[in-house]
1. Under a 5 Å amide H to amide H cut-off, with H placed in plane at 1.01 Å, what residues pair with Gly22 once short-range neighbours are removed?
2. Taking 0.36 nm per residue of sequence separation and subtracting the Cα-Cα distance, how much length would be gained by fully extending the chain between Ala128 and Glu51, in nm to one decimal?
3. Report, for the range 16-136, the % of DSSP beta bridges that are antiparallel, rounded to 5.
4. Accessible area of Tyr69, 1.4 Å probe, to the nearest 10 Å²?
5. Quick one: with all protein chains in place, what share of the accessible area of the range 31-93 is carbon or sulfur, to the nearest percent (1.4 Å probe)?
Amino acid sequence: FFIVMGVTLASNVPRRVVCLHGSGSSATAFFDRDLRHLRAASPVWEYECLEAPLLGGKWWTYPAGERSYTAASFEGAGESIACVEAALMERPCAGLLGFSQGAMLAALIAQRCSLGESDVSLRFAVIAGAATPKPYEEFLARGKSAPRAWVLP
């Protein structure tokens with residue numbers, strides 16, 4: 001369960017969560033395996049998993065020997081941000097849920113929304129198992145506000 005603190009969803013906000021899998025996984029595996037218990041516990045919510053656009057189920061790549069939290073730059077991050085934001089514009093949702101590399105991407109998109117750098121509207125983002133992506137450290141540190149937590153009934 002996720003915990004809500006002082007925030008409610010308006011009746012016109014869809015009970016839909018867009019989910020972003022970790023690097024090397026797939027939308028199908030994330031939905032069937034990783035979200036199985038959450039979907040059972042929260043049947044009033046709709047979960048849609050997006051597929052990473054790069055080969056091997058990746059949202060971005062970085063040089064050999066590096067990690068998302070050490071690499072100076074990523075290849076494909078801009079394409080992935082555009083892909084997810086286009087999906088969110090096509091079918092609005094209440095929030096994002098991401099795991100690992102998908103969680104880092106969810107954090108980037110949520111930050112873009114919070115800074116007014118995206119036309120997407122989000123009520124929340126659930127970030128699970130993520131490090132701070134090195135190329136975006138300064139961007140993610142801008143305009144920090146109090147964290148919000150949610151319960152998905």
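The values are calculated or read from the model by the stated rules, or taken from the named source; none is laboratory data. A quick note: this is a predicted structure, and the numbers were derived from the prediction, not measured. Just the protein is used for accessible areas: all its heavy atoms, side chains included, with ligands, DNA and RNA removed. Shrake-Rupley method; radii C 1.70, N 1.55, O 1.52, S 1.80 Å.
1. Counting only residues 5 or more places away or on other chains, the set is Phe99, Gly102.
2. Values: separation 77, 0.36 × 77 = 27.72 nm, distance 1.74 nm.
Value of the extension gain: 26.0 nm.
3. Values: 2 of 16 bridges.
Among the beta bridges of the range 16-136, antiparallel pairing accounts for roughly 10 percent.
4. Its accessible surface works out to 120 Å², give or take rounding.
5. Details: 2010 of 3690 Å².
Ligands and nucleic acids excluded, carbon and sulfur reach 55 percent.
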